[in-house]
Amino acid sequence: MKRLWKFCQDQNLKKETTIHLFLFLNTILWCGIGALAWLLVGHFVCRDLLSLILFAGYAGVFPGWIGGAIFAMNAESSLI
């Protein structure tokens with residue numbers, strides 16, 4: 001998350017836009033990680049599309065959006 005936060009800060013955007021960009025990219029990244037986890041687990045256990053949506057969705061919401069929001073609140077003081 002630190003690299004992604006640094007990338008968003010380097011874009012020279014307003015404070016609110018930087019936070020929104022970070023949360024969006026972090027959520028999309030974690031959805032992708034969830035989809036990759038589904039590809040590994042789904043090959044052996046569950047093969048339906050609903051499982052893909054659940055794996056990607058839960059990964060996007062909990063570590064992506066909520067975790068990113070907590071990280072952004074802690075790192076917000078470092079914004080210019």
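The values are calculated or read from the model by the stated rules, or taken from the named source; none is laboratory data. Since we're looking at a predicted model, the values are computed, not measured. Positions of Cβ are backbone-derived with ideal geometry, glycine not excepted, and every protein chain shown enters the neighbour counts. Heavy atoms of the whole protein, side chains included, go into the accessibility calculation; ligands, DNA and RNA do not. Shrake-Rupley method; radii C 1.70, N 1.55, O 1.52, S 1.80 Å.
Taking a probe of 1.4 Å, how large is the accessible area per residue of the chain, in Å²?
Value returned for the chain: 72 Å² of accessible area per residue.
Got a number for carbon plus sulfur as a percent of the chain's accessible area, 1.4 Å probe?
71 percent
What order do you get for 5-12, 46-53, 21-28 when each peptide is scored by the mean count of other beta carbon atoms within 10 Å, highest first?
Top of the packing list down: 21-28, 5-12, 46-53.
Select from the chain the helices, each a whole stretch of DSSP H, whose alpha-carbon atoms run 18 Å or more along the helix axis and whose Kyte-Doolittle mean is at least 0.5; answer none if there are none.
15-42
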